[in-house]
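What follows is a set of notes on a single structure, which appears directly below.
The values are calculated or read from the model by the stated rules, or taken from the named source; none is laboratory data. These figures come from a predicted structure and were not determined experimentally. Heavy atoms of the whole protein, side chains included, go into the accessibility calculation; ligands, DNA and RNA do not. Shrake-Rupley method; radii C 1.70, N 1.55, O 1.52, S 1.80 Å.
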Amino acid sequence: MVLLLGAVLVLGAGCKNNIQTQINDIGGTPLTSGTAHVDITGASEASFDAPLEKAQVGTAVTVFLYRTDADDVFSVAGLGVNGSAKTNNSLDLTVTTGEIAASSTEGECTITITHGEANSESGTATCTKMESSQGTINLKATFSAAP
């Protein structure tokens, strides 16, 4: 009887770990350190580096949010990205800096995410002919996030 109870406890602990792993795969592991470098050209020009404010990358959700003390923002948010994806109604890229504000949901941007070791992530974003508050811009960004 004691042996049977011990086996049930061990199996239960294994299931709990397996469930947590599945939750992390779907929703993503929270990431707390990283940076983004953003270059904007076209109708307006700007460049900034921003520290990571929040990130989580899973099979069902992708969130990267970088913000400077001056409130410059670069973000990617939407359904999970596996490799490369174009922005769409369920995957948005947003940038604000100075007088420039732009958001892409119509395929102007290609986002590529590379999964690294120990749950780290790195990525690039390339946008062409994206409409902004200051006219048509192009954007190139590199970003990283780690636990």
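Straight-line cross-link partners of residue 54 among the aspartates and glutamates, defined as a Cα under 16 Å from its Cα and at least 8 positions apart when in the same chain: 69, 71, 72, 92, 121. Once all protein chains are placed together, residue 86 keeps about 120 Å² accessible to a 1.4 angstrom probe.
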